[in-house]
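The values are calculated or read from the model by the stated rules, or taken from the named source; none is laboratory data. Keep in mind that this is a model prediction, so the values were computed, not measured. Virtual Cβ from ideal backbone geometry, glycine too; neighbours counted across all protein chains shown.
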Amino acid sequence: MKKLFLALLLGVTSTFALRAQSPEPSKIGWFLSPEFGTIFHGDHLGRTVGVALGLKLWRNRLLLGFQTYGRSGPINPTVFTIEAADGQTYRGSSTLRLRADHGAFGLLLAPVFDLGRWQLQVPLNVGGMGAGFYFTGEDRETPDGRRVSEWENQMMDGRDAGFGTWLEFGLRGSVALPTSGLRLGAGLHYLLTPGWETYFDPSGDFYNGRLRLALFVQLESY
């Protein structure tokens with residue numbers, strides 16, 4: 001599936017490059033794209049919410065701006081378990097019950113290919129992300145009144161969370177709605193997070209090499 005996705009992405013990019021030659025003058029606009037997404041983790045789905053915003057350049061042939069999205073614990077009920085570091089116990093148990101969250105922020109560069117009411121985008125994101133695991137439910141009530149983040153850090157050998165590079169590329173399609181300056185679309189993205197790892201996931205694979213599906217609304221100048 002990844003090979004097919006990469007081949008399709010390459011084909012769209014090549015077509016854009018061939019069609020982009022035009023003597024038309026430049027025009028600058030703006031865009032704002034709230035989104036709801038899903039990361040395919042293999043054994044579960046991780047829901048995300050985010051937004052992209054920036055400028056439309058080169059007569060709407062290029063989007064340049066910022067993208068951010070995150071996996072919020074309240075909308076992700078999946079619970080993970082792991083044994084505490086060095087034989088420690090928390091609230092009488094060595095087994096920790098955790099939820100996962102993350103936040104990513106970076107630059108967005110997206111060539112655009114117009115097909116009448118339809119539009120294809122080839123977004124590339126480069127930035128950073130922070131992600132980790134935290135206690136859930138009653139475990140957030142610490143036995144000694146210390147902040148729960150201190151206990152999480154202690155039980156997970158100082159690596160309850162980590163920071164790394166965020167790289168993502170994909171293919172998005174959208175259609176113009178009857179309301180001027182409004183589009184509805186979906187996209188498939190490939191997520192990489194080199195350099196990120198935690199106590200729960202020392203391999204760094206939790207967010208690395210994952211596919212992400214996103215549904216979005218794009219508000220834009222026209």
Whichever residue in segment 82-105 is among the polar types (S, T, N, Q), closer than 18 Å to GLY158 by Cβ and without any contact (Cβ under 8 Å) to a residue 24 or more places away in the chain and, among such residues, is surrounded by the fewest Cβ atoms within 10 Å (Cβ to Cβ): THR89
Scope segment 113-135; condition buried (at least 16 other Cβ atoms within 10 Å of the Cβ) and either among the polar types (S, T, N, Q) or outside any strand (DSSP E or B) (or both); matching residues: GLN119, GLN121, VAL122, PRO123, ASN125
Select from segment 178-217 the residues that are among the aromatic types (Phe, Trp, Tyr) and in contact with a Leu (Cβ under 9 Å, 6 or more places away or on another chain) and write down the one among them that is surrounded by the fewest Cβ atoms within 10 Å (Cβ to Cβ). TYR190
Restricting to segment 51-109, name every residue that is among the hydrophobic types (A, V, I, L, M, F, W, C) and out of contact with any strand residue (DSSP E or B) (no Cβ under 7 Å at 6 or more places or on another chain). TRP58, ALA85
One residue from THR193, THR179 being of a type in the set (Ser, Thr, Tyr) and without any contact (Cβ under 8 Å) to a residue 60 or more places away in the chain: THR179
So, of the residues in segment 163-193 that are modelled with pLDDT of 95 or more and part of a loop (DSSP other than H, G, I, E, B), which turns out to be nearest to the chain's Cα centre (by Cα)? THR193
Within segment 138-145, can one find any residue that is farther than 23 Å from LEU108 by Cα, crowded, with 16+ Cβ neighbours inside 10 Å and more than 14 Å from the chain's Cα centre (by Cα)? yes
